[in-house]
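One structure is given below, encoded as structure tokens.
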Amino acid sequence: MRIEVLPDAAAIGRRAADLVAAELGSGGLHALGVATGSSPSPLYLSLCERTLPGWQDVQVFALDEYVGLGSGHPQSYRSVIDREVAGPLGIPAEQVHVPDGDATDLVAACSSYERVLAEQGGVDVQILGIGVTGHIGFNEPGSCFASRTREVRLTEQTRTDNARFFATVDDVPRSALTQGIATIAQARRHVLVARGAHKAAAVRAALEGEVTTACPASALQRFPDVTVLLDPAAASGLVRHRVQV
Ligand code: GLP
């Protein structure tokens, strides 16, 4: 695991974009796994500012989607990915895959998502954020490391954290479909981005704590190729990793 501390959100975005662009340039990016939330936005912005050839052939896989929000809702992850990633990069709509949180049969929707992922040969580069609860995707504490795409109940902490994207906390869905930890683990490489003092405890637990389902992001310690990009505040709890700012 490589950990880099960068001065601010824009620098994290540029560095993450460098990593993704290098994969695209070398022909190694058949499928990009995208996270939503505020942390990866500067990365997508930085990618969109570069005029890189090859995006029209890339598949995009979302980590998760709210249940019952409606894919046309501006805060559905389908909408966010279309707006921030696929649209500006010119990736055709049929190459953008998001779990179907509107399906009447959610179990079937999850199986179908896993099937498409497998058919496409899996994700090459997976972008990850981390929740205050230590979640990756929407794998909240207690999520099994063998978990696959499924419906999960969101913690009140996560609903409160994500309320900033909605009019009130009551508008935040109570559950979501998320790739499981084992699904996420199958990506060839992972890039985790986090910033802010409110993430410091989760970052420390994930990178330096015991590998435990109490902190789902601690599973990253067992992934083979992980790059972590932090701002100084998010890195402030690290003790074992002596990182240069
Ligand atoms: C949401 C997403 C996660 C994301 C997390 C952190 O809950 N499901 O994939 O990592 O938020 O978001 P932010 O970067 O906005 O703090």
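The values are calculated or read from the model by the stated rules, or taken from the named source; none is laboratory data. Every value quoted in this text rests on a predicted model; they were computed, and no experiment measured them. Please note: Cβ atoms are built from the backbone with ideal geometry, for glycine as well, and neighbour counts cover all protein chains shown. Surface areas here come from the heavy atoms of the whole protein model, side chains and all, with no ligands, DNA or RNA. Shrake-Rupley method; radii C 1.70, N 1.55, O 1.52, S 1.80 Å.
Once backbone amide H atoms are built at 1.01 Å from N, I3 has V228 as its partners under 5 Å, excluding neighbours fewer than 5 places away on the same chain.
Which of rounded, prolate, oblate describes the range 101-153, given a ≥ b ≥ c as roots of the alpha-carbon gyration tensor eigenvalues and a/c under 1.5 marking rounded, otherwise prolate only if a/b is larger than b/c? Oblate, because a/c is 1.5 or more while a/b does not exceed b/c. Per-residue Karplus couplings for the range 149-163, computed as 6.51 cos²θ - 1.76 cosθ + 1.60 with θ equal to phi - 60°, are listed in order as 4, 6, 7, 10, 8, 7, 6, 5, 4, 5, 5, 5, 4, 8, 4 Hz, Gly and Pro entered as x. Computed about the Cα centre, the dipole magnitude for the range 33-131 is approximately 260 debye when only Lys and Arg (+1) and Asp and Glu (-1) carry charge, each at its Cβ.
If each residue of separation counts as 0.36 nm, what is the full-extension length gain between Q157 and T212 once their alpha-carbon separation is subtracted? Numbers along the way, then the final one.
On the way: separation 55, 0.36 × 55 = 19.80 nm, distance 1.93 nm.
Difference between extended and current length: 17.9 nm.
Would you calculate, for the chain, the mean residue ellipticity at 222 nm contributed by helices, counting each DSSP H stretch of 4 or more residues as -39,500 (n - 2.57) and dividing by all residues, to the nearest 500?
Working: 8 runs with 70 residues, N = 245.
Computed ellipticity for the chain at 222 nm equals -8000 deg cm²/dmol.
Each part reduced to its alpha carbon centroid, the range 85-116 and the range 1-63 end up 20 Å apart. Label positions at C144 and A182, each projected 7 Å from the Cα along the C-beta direction, are separated by 0.7 nm.
Can you say what percent of the DSSP beta bridges in the chain, counting only those with both residues inside, are antiparallel? Round to 5.
Values: 8 of 29 bridges.
Bridges in the chain that DSSP calls antiparallel: roughly 30 percent.
For the chain, the alpha-carbon coordinates run over 48, 42, 35 Å along the three principal axes, in decreasing order.
Rg and Dmax, both from the Cα atoms of the range 1-141 and both in Å, are 15.0, 45. Okay, which of the range 87-113 sit inside 17 Å, backbone N to the point 7 Å along the Cα-Cβ direction of Q56? Backbone N within reach: 87-96. Here the alpha carbons of the range 139-223 define both size measures, Rg and Dmax, at 13.6, 38 Å. Counting every pair of alpha carbons in the range 149-190, the share spaced more than 11 Å apart comes to 67 percent.
Calculate the translational D of the range 1-49 in whole µm² s⁻¹ from Stokes-Einstein, where the hydrodynamic radius comes from the Kirkwood formula applied to all Cα pairs, the temperature is 20 °C and the viscosity 1.002 mPa s.
187 µm²/s
If I compute solvent accessible area with a 1.4 Å probe over the protein chains, what percent of it on the range 57-195 is carbon and sulfur? Don't skip to the end; give the middle numbers.
On the way: 2760 of 5450 Å².
Roughly 51 percent, rounded to a whole number.
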